[in-house]
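Bear in mind these aren't lab numbers, they're just calculated from the coordinates by the rules spelled out. Just so it is clear, the model here is predicted, and its values are computed rather than measured.
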Amino acid sequence: MTRRTRSEQGQTTREALEMHLAQALTRCESAVVRAHLEAALRKCRDLPPTPLVECPVCGRVGLPERIQAHDCPGTTRD
């Protein structure tokens, strides 16, 4: 499992991807690379929405990565 930086905590995978692409654009010095990054950012923004899922234990609904990491009141932590 990879560790997430403080700025990535609470972000969806899509939000983190968009942020990284936007930051890469601000540091890019090559016109060719800039064009590729701009195209990737457009594709990222054009992706269909992620369907919501429901926690099978407590019924909470949300994005899959947030449901996977939520503090479910129906489970115990060791």
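Observations on the structure shown:
- For the stretch 69-75, 3J(HN,Hα) per residue [Karplus equation, 6.51 cos²θ - 1.76 cosθ + 1.60, θ = phi - 60°, Hz, x = Gly/Pro]: 9, 6, 7, 6, x, x, 10
- Phi angles of the stretch 35-46 translate, via the Karplus equation with coefficients 6.51, -1.76, 1.60 and θ = phi - 60°, into HN-Hα couplings of 4, 5, 5, 5, 5, 5, 5, 4, 4, 4, 6, 8 Hz per residue; Gly and Pro are given as x.
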